[in-house]
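Working notes for the structure below.
The values are calculated or read from the model by the stated rules, or taken from the named source; none is laboratory data. These numbers come from a predicted model, not from an experiment. So basically every Cβ, Gly included, is an ideal-geometry build from the backbone, and we count neighbours across all protein chains shown.
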Amino acid sequence: MANFWNKFTIKQKLAITAWLFLAVPLVFYITIRFYPTFEAFYVSTLKWNLLGAKKAIGMKNYIKIFADEDFWLVLWNTIKYALVGVPVSMLIAFVIAYWLNEIDFGHDFIRAMYFIPFLTTAVAMAWVWRWFYQPLPIGYFNTMLSWFGIPQQPFLRSVTQGLYSIMAPAVWAGLGFQIVIFIAGIRAIPRSYFEAAEIDGAGRRQILREITLPALKPTIIFLTVVSTIGFLRIFDQVYTMSADSAGGPLNSTKPLVLMIYEFAFDEFKLGRASALTVILFLILLVVSLVQLWLMRKQK
Amino acid sequence: MKKWLKKVFALAIGGTSLVWSGLAQAVEIEYWQYTYGSRVEAIDKLIESFEAANPGITVKHTHFPYADYRKKVAIAVSAGDGPDVVQLYYGWLNDYREGGLIQPLSSSAFPHAKIEEEFFPMVGTMKVDGNYWGLPTAVRSLALFWNKDLFAEAGLSGPPETLDEMVEFAKKLTKKDANGNYLTVGFAVDTDGQDHHWWREVLIRLYGGQPYSDDGKTVAYTTEAGAKALKFITDFEATHKVGSNGFMNRGQDAFAAGQAGMVLDGSFRISKFAKTEGLNFAISELPGHDGNRFNFSSYWVNGISSKADGEKKAAAEKFLQHITSDEAMQLWLDTVGELPAKPAVALVDANKAHPLYGPFIRGLSYANATAFVSEKPQRQSLIDAYDMVVLQGADPMAALKKVAKAEQEVFDEFFGD
């Protein structure tokens with residue numbers, strides 16, 4: 001054995017050792033991540049209820065999905081979650097991070113307060129928010145509105161307000177993470193830039209516009225992509241907060257992932273669910289590729 | 001071979017076969033249901049009496065939360081694991097049958113003539129393709145729960161007997177603050193609860209229609225009767241303003257909190273309300289219309305899973321006979337509060353006159369069970385139609401046509417191939 005091992009050069013030995021260690025996560029990824037992903041492509045061409053025989057039906061699942069009015073509504077909902085949720089959450093997070101960076105007193109405490117929701121179970125938090133949104137006499141928000149003489153709002157029971165009511169706790173939960181990343185980004189900008197700008201007589205606004213924001217570009221791109229993917233995959237909040245977990249009223253709050261879940265585990269239409277998964281996968285892939293492309297331009 | 005060696009062999013073989021025969025006598029079967037305090041207790045009692053009567057058979061009782069129930073059963077049985085006898089909602093029968101999760105009950109252990117003679121006629125929904133696929137221990141029906149204190153306060157002496165009276169009473173029971181916000185709703189309408197059954201099997205029929213065609217393959221509620229029924233149920237919130245869907249989160253919560261004059265629910269809710277301190281309630285039969293009454297009944301059945309064969313199947317059949325016996329049904333009523341599935345047990349005077357169970361049991365005699373293809377999307381029909389009318393101001397008939405199209409697709413997909 002020792003003889004055999006000694007035949008290799010040191011470089012080869014290092015490579016072999018490295019691959020031995022890499023083999024564990026590699027096997028894990030191939031069997032737990034990649035294989036099921038490719039399996040989903042295959043299942044998406046089947047009619048299969050998890051138990052009975054699998055029946056190959058080609059592209060029929062996709063044809064059915066694209067002909068389904070609800071799919072387009074659900075896709076639009078999903079895009080709305082990302083399109084509104086990402087800019088709103090990033091703007092709030094940046095403003096908080098920017099000012100939080102300026103203060104020393106209570107900095108850690110406040111940062112921790114913002115971070116706690118990120119660590120909290122989404123389901124528990126969503127349930128609390130669900131109760132906040134209830135009508136009088138038990139709803140917290142409606143009680144507050146009534147103090148100021150503002151009429152009651154239906155919130156979750158509305159086709160127009162429902163989606164944003166569910167988005168709010170999702171934005172809130174993600175803030176802590178975004179703030180921490182923003183602060184790290186701001187602190188990584190060399191102090192000398194700011195000092196030079198100050199000596200040259202640049203104002204606070206000018207520094208923000210000309211130095212802070214451009215220097216934060218990689219941070220902003222990273223956060224945009226991560227939170228876009230996060231909002232496109234929203235599930236827990238909708239499942240918990242919509243009545244009967246159905247993404248209602250009238251599907252107005254239902255995102256793609258919930259639709260996938262319903263097809264797979266309520267109706268046991270595994271083929272249709274897999275086809276939807278493939279569609280979601282492609283959307284997320286495009287988002288990630290755009291990120292890679294943007295990051296490459298940075299260098 | 002040496003003699004002693006032969007002896008050792010003989011002993012070894014004898015010993016092994018003894019152990020084998022011992023194992024063969026002790027059959028263990030598994031029973032699955034979802035976790036619900038009194039149901040678990042009732043099955044534990046039934047297992048105890050079954051094991052005492054059938055030495056050599058043991059029953060392992062497994063239960064887990066309702067939320068995961070269907071998924072776990074489906075995955076376990078398809079993997080050749082899981083229960084031998086399994087509890088399922090009657091509305092899931094088609095899903096389970098199509099999925100190959102359960103097997104038909106053998107007509108030798110469960111003669112069809114005997115089932116049809118002994119059980120309530122709605123158990124007939126369990127007969128598909130000439131076979132029975134499951135049998136209930138208990139059945140459920142709907143009734144009207146009303147808050148006695150709120151009724152007395154509003155000057156009402158008894159429950160509404162007709163739909164018109166129900167609306168009139170609800171108006172009297174409703175209390176609002178200065179800004180018009182509900183403090184107490186007259187009727188706690190709740191489309192996520194039992195109200196879709198009420199609309200489908202009671203209201204539509206009271207207005208002279210029927211929800212589905214006789215063969216159960218076509219949606220038949222896009223008629224004047226269907227629209228009238230939808231209008232009746234949405235009017236509580238939209239027109240009369242005596243209730244709000246989702247008030248206090250759920251109708252049952254509003255009623256338990258003493259902030260709803262009336263709510264519609266099943267007999268399984270009695271124990272919750274009975275335990276609620278300070279809630280003074282009574283139960284009556286569902287209001288009628290034009291001299292007619294209808295009710296909806298549903299039930300959970302026990303089926304034999306497709307994995308059970310050989311002696312396990314024989315043991316499973318014995319256990320199924322045991323838990324659908326007359327004694328089991330009375331025990332189930334006393335422990336769980338669900339109604340016996342056989343008229344001979346249910347319709348005895350003591351049960352019919354029972355102040356809490358009586359209205360439910362009397363309702364059974366004019367009840368229909370819906371032959372669901374898939375309950376969840378079918379339930380969504382009423383939820384969506386209701387929201388279209390109440391939240392979007394749609395015309396009831398237009399809303400019905402929309403949801404009927406979606407529901408018909410569920411039928412077509414199921415019966416199509």
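Right, B:Arg362: under 15 Å from the mean Cα position of the chain (by Cα) and either assigned to a helix (DSSP H, G or I) or farther than 30 Å from B:Val219 by Cα (or both) or not? When the stated conditions are applied, B:Arg362 does not pass them. Is it the case that A:Ser288 is in a helix (DSSP H, G or I) and either modelled with pLDDT under 90 or polar (S, T, N, Q) (or both)? So A:Ser288 passes the test.
Restricted to helices (runs of 4 or more DSSP H) entirely inside the range B:1-112, those with at least 1 residues that are modelled with pLDDT of 90 or more are B:37-53. Considering the conditions (1) at pLDDT below 95; (2) more than 14 Å from chain A (Cβ to nearest Cβ), B:Gly186 is excluded by exactly one of them, (1). Here B:Ser213 meets the list (1) within 30 Å of B:Val410 (Cβ to Cβ); (2) within 14 Å of chain A (Cβ to nearest Cβ) almost entirely, failing just condition (2).
Screening B:His354 on (1) in a helix (DSSP H, G or I); (2) within 15 Å of B:Ala143 (Cβ to Cβ) shows it passes everything except condition (1). The set of residues from the range A:109-131 being without any contact (Cβ under 8 Å) to a residue 40 or more places away in the chain, more than 30 Å from B:Ala178 (Cβ to Cβ) and within 14 Å of chain B (Cβ to nearest Cβ) is empty.
Would you confirm whether or not the range A:211-227 contains a residue that is within 14 Å of chain B (Cβ to nearest Cβ) and either of a type outside the set (A, V, I, L, M) or out of contact with any helix residue (DSSP H, G or I) (no Cβ under 7 Å at 6 or more places or on another chain) (or both)? No: zero hits. Criterion applied to B:Ala220, B:Ala238 was being surrounded by fewer than 22 Cβ atoms within 10 Å (Cβ to Cβ) and in contact with a Pro (Cβ under 7 Å, 6 or more places away or on another chain), and the one residue passing it is B:Ala220. Here A:Gln134 clears all of (1) under 25 Å from A:Thr78 (Cα atoms); (2) facing chain B (nearest Cβ under 10 Å); (3) modelled with pLDDT under 90 except the condition numbered (3).
One line per residue, one yes/no per condition, for (1) within 14 Å of chain B (Cβ to nearest Cβ); (2) not acidic (Asp, Glu):
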residue: A:Ala53; (1), (2): yes, yes
residue: A:Gly58; (1), (2): no, yes
residue: A:Ile65; (1), (2): yes, yes
residue: A:Glu69; (1), (2): yes, no
residue: A:Gly85; (1), (2): no, yes
residue: A:Leu91; (1), (2): no, yes
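Evaluation of B:Gly337 against the conditions (1) outside any loop (DSSP other than H, G, I, E, B); (2) under 15 Å from B:Ser298 (Cβ atoms); (3) not assigned by TED's automatic domain parsing to the domain that holds B:Lys148 shows that the sole unmet condition is (1). Set side by side, the residues A:Leu232, A:Leu292, A:Leu280 differ, and just one is without any contact (Cβ under 8 Å) to a residue 12 or more places away in the chain, assigned by TED's automatic domain parsing to the domain that holds A:Ala82 and hydrophobic (A, V, I, L, M, F, W, C), which is A:Leu292.
Which of the residues spanning the range B:253-264 are crowded, with 24+ Cβ neighbours inside 10 Å and acidic (Asp, Glu)? The answer is none; no residue qualifies. B:Lys217 falls short on exactly one of the conditions (1) among the basic types (Lys, Arg); (2) farther than 25 Å from B:Lys402 by Cβ; (3) not in a helix (DSSP H, G or I), and that condition is (2).
If I ask for residues that are touching a residue at least 40 places away in the same chain (Cβ under 8 Å) and either over 22 Å from the mean Cα position of the chain (by Cα) or not assigned by TED's automatic domain parsing to the domain that holds B:Asp395 (or both), which ones from the range B:208-218 would you list? Write out each step before concluding.
To start, the set of residues in the range B:208-218 that are touching a residue at least 40 places away in the same chain (Cβ under 8 Å) comprises B:211-212, B:216-218.
Once the filter is applied, which keeps residues that are touching a residue at least 40 places away in the same chain (Cβ under 8 Å) and either over 22 Å from the mean Cα position of the chain (by Cα) or not assigned by TED's automatic domain parsing to the domain that holds B:Asp395 (or both), the range B:208-218 yields only B:Thr218.
Looking only at residues of the range B:228-250 that are closer than 19 Å to B:Ser381 by Cβ and touching a Gly at 6+ places or on another chain (Cβ under 9 Å), we find that the one that is farthest from the other protein chains (Cβ to nearest Cβ) is B:Lys228. Against the test of being crowded, with 22+ Cβ neighbours inside 10 Å and either closer than 30 Å to A:Ser192 by Cβ or touching a Lys or Arg at 6+ places or on another chain (Cβ under 6 Å) (or both), the options A:Gly203, A:Gly271 yield a single qualifying residue, A:Gly271. No other residue among B:Leu400, B:Leu391 is assigned to a helix (DSSP H, G or I), crowded, with 23+ Cβ neighbours inside 10 Å, out of contact with any strand residue (DSSP E or B) (no Cβ under 7 Å at 6 or more places or on another chain) and not hydroxyl-bearing (Ser, Thr, Tyr) apart from B:Leu400. Across the range A:148-207, the number of residues qualifying as part of a helix (DSSP H, G or I) and of a type outside the set (A, V, I, L, M, F, W, C) comes to 18. All of (1) over 30 Å from the mean Cα position of the chain (by Cα); (2) more than 10 Å from every other protein chain (Cβ to nearest Cβ) hold for A:Ser146 with one exception: (2).
In the range A:228-246, which residue that is in a loop (DSSP other than H, G, I, E, B) and over 18 Å from the mean Cα position of the chain (by Cα) is farthest from the other protein chains (Cβ to nearest Cβ)?
A:Ser242
Looking across the range B:354-384, the residues that are in contact (Cβ under 8 Å) with a residue 60 or more places away in the chain and within 10 Å of chain A (Cβ to nearest Cβ) come down to B:Ser374, B:Glu375, B:Arg379, B:Ile383. Output the residue which, of all residues in the range B:113-124 that are touching a residue at least 60 places away in the same chain (Cβ under 8 Å) and assigned to a helix (DSSP H, G or I), is surrounded by the fewest Cβ atoms within 10 Å (Cβ to Cβ). Once the filter is applied, the top-ranked residue is B:Glu118. With respect to the conditions (1) touching a residue at least 60 places away in the same chain (Cβ under 8 Å); (2) surrounded by fewer than 23 Cβ atoms within 10 Å (Cβ to Cβ); (3) in contact with a Phe, Trp or Tyr (Cβ under 7 Å, 6 or more places away or on another chain), B:Tyr299 lacks only one, and its number is (2). The residue of the range A:247-282 that is nearest to the other protein chains (Cβ to nearest Cβ), among those that are farther than 17 Å from B:Asp384 by Cβ and not in a helix (DSSP H, G or I), is A:Phe268. When the residues of the range A:219-244 are filtered to those that are at pLDDT below 90 and of a type in the set (Gly, Ala, Ser), which remaining residue is surrounded by the fewest Cβ atoms within 10 Å (Cβ to Cβ)? This residue is A:Ala243.
Being free of Cβ contacts under 8 Å to residues at least 12 places away in the same chain and under 22 Å from B:Ser49 (Cα atoms) is the filter here, so list the residues in the range B:328-353 that pass it. B:Asp334 - this is the single residue of the range B:328-353 that is free of Cβ contacts under 8 Å to residues at least 12 places away in the same chain and under 22 Å from B:Ser49 (Cα atoms).
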